[in-house]
Structures are given as structure tokens and as C-alpha cells.
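As C-alpha cells, the structure follows; a few thoughts come after it.
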Amino acid sequence: MNSTTETTATTTNATAGAQAAPVAPTKAAATRKATTKKVAPKAATATKAKTRKTAKSKAAAAPAKKATKATKKTAAAVPRELSKKAIVLDLLKRKGGATMAEIQKATDWQAHSVRGFISGTLTKKMGLAVESTKNDAEERCYKIAK
């Protein structure tokens with residue numbers, strides 16, 4: 001009987017040792033090929049003249065682009081007539097301001113969305129000073145400081 005128990009123990013050890021060690025997967029082949037650096041011809045004077053002309057035209061076009069970006073930014077600060085941004089601004093411009101619940105009801109936003117709008121859009125993007133206080137009923141009230 002001793003020989004049977006020894007054989008079983010050896011078989012178990014052999015099975016445990018036969019398992020392969022975990023190996024990292026092989027790296028996939030690259031789908032793009034490396035490109036070679038393109039060098040401009042040395043003696044092409046016509047090419048140099050073209051490059052100067054395009055550089056001048058790009059420099060002239062750059063200020064025009066900057067002006068349009070500035071126009072877009074000021075246009076974004078003025079809300080459309082019936083947008084939620086305009087609704088919230090109207091509520092906050094009232095004498096007593098507006099409570100969180102009033103703003104939520106008017107815009108169908110959740111509380112975290114109202115706080116994010118006030119913090120991000122009104123204070124950071126539009127540069128408005130918004131005062132936050134608690135009223136007698138312990139409700140959070142917001143109003144635009146003048």
C-alpha cells in the first residue's frame with residue numbers, strides 16, 4: 001500500500017508543475033509605416049519666393065482670425081432671448097435674487113447643475129459676481145452683486 005500513496009503524490013506534483021507560467025501577450029504589428037523626412041531642394045529660388053509670399057499671406061490672415069475669435073467670445077457672453085442662461089440671469093437680477101429651488105424649477109436642472117452653471121458660466125466665463133446667502137427658511141439664495 002505504500003507504493004500507491006507515493007504514486008498519487010508524485011502524479012499530483014507533476015500536474016501542478018505542468019501548468020505554464022503567465023506570459024505577456026505579443027505586441028501587435030504596426031499598421032503605419034515610418035515616413036522619411038522630406039528635404040527642400042537647395043537651388044530652387046522660385047520655391048523660396050513662394051514660401052515668402054505664403055508666409056506674408058498667413059501673417060496678414062492671422063489678425064483677422066483673432067478678431068473673429070474675440071467677436072465670438074463677446075457674442076457668447078450675451079444670452080439669447082429665451083435660453084436657460086437668460087432665464088437664470090433674469091431670476092438672479094431680481095431684488096431678492098432666486099432660491100435654488102426656483103432656479104431648478106425654471107430650468108428643469110438638478111442642484112449640482114445649477115451650482116456648476118453659477119460657478120462656471122456666470123462667475124468664470126462671464127465674470128459676474130454672484131452672492132450666495134441663506135434666507136429665513138434656510139434655503140440657499142443667489143443674486144448678482146452690482
Pairs of lysine residues in the stretch 84-144 - Cα separation under 18 Å, sequence separation of 8 or more or cross-chain: 21
Amide proton proximity set for CYS141, modelled H, under 5 Å, gap of 5+: THR133, LYS134, ASN135
Added length on full extension, which subtracts the Cα-Cα distance from 0.36 nm per residue, ALA86 to SER119: 10.3 nm
Cα-projected label distance for GLN19 with ASP136, points at 7 Å along beta-carbon direction, nm: 7.3
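Summing Lys, Arg as +1 and Asp, Glu as -1, what charge do residues with Cβ under 12 Å from the Cβ of ILE103 carry, ILE103 excluded?
Net charge around ILE103: +3.
May I ask for the net charge around ALA145, where only other residues with Cβ less than 14 Å from the Cβ of ALA145 are counted and Lys, Arg are +1 while Asp, Glu are -1? Before the final figure, lay out each step's value.
On the way: positive: LYS93, ARG94, LYS95, LYS143, LYS146; negative: GLU131.
Residues close to ALA145 contribute a combined charge of +4.
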Kirkwood hydrodynamic radius of the stretch 84-144, from inverse mean 1/r over distinct Cα pairs, in Å: 11.4
Contour minus Cα-Cα distance for ALA129 and ALA111 (0.36 nm per residue): 4.5 nm
Point-to-point label distance, ALA101-ALA145, nm (Cα→Cβ direction, 7 Å offset): 2.7
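Every read-out reported here was derived from the displayed coordinates using simple, explicitly stated rules and does not represent laboratory data. What you are looking at is a predicted structure, and each value in this text was computed from that prediction instead of being measured. Virtual Cβ from ideal backbone geometry, glycine too; neighbours counted across all protein chains shown.
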